[in-house]
1. Can you tally the net charge around residue 178? Count Lys and Arg as +1, Asp and Glu as -1, for every other residue whose Cβ sits under 15 Å from the Cβ of residue 178.
2. Near residue 253, within a Cβ-to-Cβ distance under 10 Å, what is the net charge of the other residues, with Lys and Arg +1 and Asp and Glu -1?
3. Within a Cβ distance under 14 Å of residue 274, other residues only, what is the Lys/Arg minus Asp/Glu net charge?
4. How long is the gain from residue 132 to residue 190 if the chain were fully straight, where each residue apart is worth 0.36 nm and the alpha carbon distance is subtracted?
5. Expressed in nm to one decimal, what extension gain is obtained for the pair residue 198 and residue 221 from 0.36 nm per residue of sequence separation less their Cα-Cα distance?
6. Subtracting the Cα-Cα distance from 0.36 nm times the residue separation, let me have the gained length for residue 179 to residue 47 in nm, one decimal.
7. So which of 109/236; 105/139; 115/142; 86/139 end up more than 18 Å apart by C-alpha?
8. For 146, 104, give me the order by solvent-accessible area with a 1.4 Å probe, most accessible first, ignoring ligands, DNA and RNA.
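The values are calculated or read from the model by the stated rules, or taken from the named source; none is laboratory data. What you see is a predicted model, and the numbers here were worked out from it, not measured in a lab. Every residue, glycine as well, gets a Cβ built from its backbone with ideal geometry; the counts of neighbours run over all protein chains shown. Please note that ligands, DNA and RNA were not included when accessible areas were found on the heavy atoms of the full protein model with its side chains. Shrake-Rupley method; radii C 1.70, N 1.55, O 1.52, S 1.80 Å.
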Amino acid sequence: MSSLKFRNYGPIELHKTVTTNGPATRLEYQFNGTDFINLKNKVDLSKIYQHLTLVRTLYAYTSGSAFSEALGSITDTFFLIHSTTKLESAFYKKVKKNDVWLKVKTSIKLLGLGKSTLLFQMAVSDSSDDELLASTLVKLAKVDSVARRSSSFPDSFAKKFAEFFKTGTSQLPMFRPLKAPHNSFSHQFVIRPSDTDSNGHTSNYVYTELCLDCAHLAATKRDYFKRFTGDFDQPKMVERYFAKECGEGDTVKVVVWEDGDSTTVLHFQVDKDNVLLFHANFDFYSGNHTLSKL
C-alpha cells in the first residue's frame, strides 16, 4: 500500500492486487460531494463523467498501479470508443449537498485485451459500508498519434497480460446505432473552445451534456415527450458509443427520441454533416417527469 496527494482530494491510499481474473487496483480517498451538485441542488451527470475520467487518469499515472503497468510501455494515444455506466440508487442518496466529504473506494480492473483495444471496469463504493455507488465498463482503442489510426499493442505488452484473458473475457456489445425515427426531436449546437481537450477534440463528457440539453429543450420548448416517465435528474444506466471526432467551431445536430418499449429510456445521436459522431442510450429511474437540467 502507498499513499499520495492529489489536488482537491483528501489523502489517497493505493492498494494493488493481482487475481486470476486479471490485475486490479483500488484507491481509497475522500472527494467533495458539493462538486457533484448543480445550482438546482441536483446531481450533475457530466461532473460524474469528469470524475470517472479523472480517476482513470490517476490510475494511469500512479506508480505501482496495475493499470499504469499495463499502459507504461505504451506511448500512443488511447481513445474512448464505448462505455456503459450504471448509477445505483445509493449514489443519489449519499451524494448530497450537505455531505461535503464522502470517503469512497474506487477500483479498476483489466477485463479484456484485443489487438488494439483494452477493456476494463471501474467501480466506486462507499468506504464505510462497501455499498456500490457507480460502475462503468470502458473500452479504449490504441491510436497512433501521428497516423491517427488504430495500432496494435507491442508483443511485450500482449505477452505480459495475455494470461489473464485466455478464458471468460468480458466483452461489450457490438456498436449498432439505432435509426432515429422521422418524428424525433433535434437541435443544433456549436462546439465552444471550452468544450475541447488538449488534443483539440470535443471532450467525452460534453457529448453527454449536449444530449441532456437537447432532452431539456424537447421537454420544455416543444412538449415533445408523450410516454416518457423517467426522472431526468436520476439516470440509471448510460451507454455511450463514440464513432468520430469534432472540434471547436463545429456545428453538430443532436437528436433525441423515446424508446418504443420502455417509458424510462431515451435514445440520442450526435452528427455533423450527416456523419454519426456519437450515440447514447439513457435509462432513467422512474419518477416525476422533472424538467430541471442536470
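1. Net charge around residue 178: -3.
2. Every neighbour counted, the sum reads -1.
3. So the surrounding residues net to +1.
4. Values: separation 58, 0.36 × 58 = 20.88 nm, distance 3.68 nm.
Here the answer is 17.2 nm.
5. Answer, rounded to one decimal: 4.8 nm.
6. 44.6 nm
7. Beyond 18 Å: 109/236; 105/139.
8. Solvent-accessible surface, decreasing: 146, 104.
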